[in-house]
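Undergrad: Attaching a single structure in C-alpha cells format; questions to follow.
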Amino acid sequence: MNPTLLIIDSGNSFVKWGLFNNDLWLIQRRVSYDDISELETEFSVLSEPHLIIISHVARDETKNEICKFISRWSIQPIWHHSQSNQCGVLNGYSDPKQLGSDRWAALIAAWNIEHKACLVINAGTAVTIDTLSDSGKFLGGIILPGFHLMLNSLYSGTQLESISNRLGVYQNFPVNTQNAIHSGIIQSLVGAIDRMYDVLSTLLKHSSITCIISGGNASLLSPFIKYPIKIIDNLVLEGLVVIAKDELKRQELSSS
C-alpha cells in the first residue's frame, strides 16, 4: 500500500496543507491564521497518515496550534529544516540552517522539476527570488516586500492615505495615482526578477534559465516576466513531498 503523506506549509499569512498518496494530491487546502481553528475540523475526518512533514516559518503560537491539531494521531511529525545538502540540492548559504525551510523546500521542488539552472520565485507576503545553478547548488537569493506590503507601506507612510480607493491597474505610462502606484510596484518586483536573471545568466555564461514562480501573487507578476516561466501552485508543498519521499526511502533502507 502506498503511504499517505500529510504535508503542511505554515507560511507568513496562511497555513497550506495537502494529503498526498500514489503521486496524486487527494486534498489541498489553506486557512488564514485568523481561521486556524478550521484545521481541527478538517483533520478530524482524515485517517492517520503514514508521515507528517511540516515547514514552519510563522509565529510560535501557530506552531502550538498545529501541534495540538495533529496530536490526534500517534505519529511524530517531521519539522522540516534546511540542510547543507538534500535531494540533489547543495545549500550555498553561509549558515545553511538560517535559510527558511519554505525557501529550501521550494528550491528542492524546482530542482526536481528542472534539473538545471533556474530562478525560484515565491510571490507571497514577501517575495523571494532564489537561484539554482546547473549542478543544483543554491547560489543565494534576495527577499523583498510583496505587492500588498509595498502598497500598504506607501499608503500608510505618505499623505496618499487620503485616497479612499486603492485599486489600480498596470499601465506602461500611468495617468492616475492608483495606477501609478500599482504599476510602480509591479515594475519594482519584475525589475528585481530581471536583475537576478541577468546576474545568474552572466555567472553561468548562458541564458537557458527557467523562472519557477509560485505564491498568491504569481499571476499578478507572470504576465510581465519576459523569460521562460512555469507557474507551480504551492511549490513549497511540492518540495515537501520530495523530501518526504526521500525520508521514507531512508526509513526503508534502515529497516532492511
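The values are calculated or read from the model by the stated rules, or taken from the named source; none is laboratory data. Remember, predicted model here, so these are calculated numbers, not experimental data. As a convention, Cβ positions derive from the backbone with ideal geometry for all residues, glycine included, and neighbour counts pool all protein chains shown. Note: accessible area is taken over every heavy atom of the protein model, side chains too, but ligands, DNA and RNA are not part of it. Shrake-Rupley method; radii C 1.70, N 1.55, O 1.52, S 1.80 Å.
Undergrad: Can you pull out every residue in the stretch 37-54 that is touching a Ser or Thr at 6+ places or on another chain (Cβ under 8 Å) and open to solvent by 20 Å² or more (accessible area, probe 1.4 Å)?
TA: Passing the criteria: Ser47, Glu48, His50.
Undergrad: Does Asn2 satisfy being among the polar types (S, T, N, Q), part of a loop (DSSP other than H, G, I, E, B) and under 18 Å from Gly239 (Cβ atoms)? Spell out the reasoning first.
TA: Numbers: among the polar types (S, T, N, Q): yes; part of a loop (DSSP other than H, G, I, E, B): yes; under 18 Å from Gly239 (Cβ atoms): no.
For Asn2, the condition - among the polar types (S, T, N, Q), part of a loop (DSSP other than H, G, I, E, B) and under 18 Å from Gly239 (Cβ atoms) - is not met.
Undergrad: Identify, by number, the condition in (1) touching a Gly at 6+ places or on another chain (Cβ under 6 Å); (2) over 15 Å from Ala105 (Cβ atoms) that Val57 doesn't meet.
TA: Looking at each condition in turn, Val57 falls short on (2).
Undergrad: Restricting the search to the stretch 55-67, which residues are more than 19 Å from Gln98 (Cα to Cα) and surrounded by 12 or more Cβ atoms within 10 Å (Cβ to Cβ)?
TA: Of the stretch 55-67, the ones more than 19 Å from Gln98 (Cα to Cα) are 61-62, 64-67.
Once the filter is applied, which keeps residues that are more than 19 Å from Gln98 (Cα to Cα) and surrounded by 12 or more Cβ atoms within 10 Å (Cβ to Cβ), the stretch 55-67 yields Thr62, Glu65, Ile66, Cys67.
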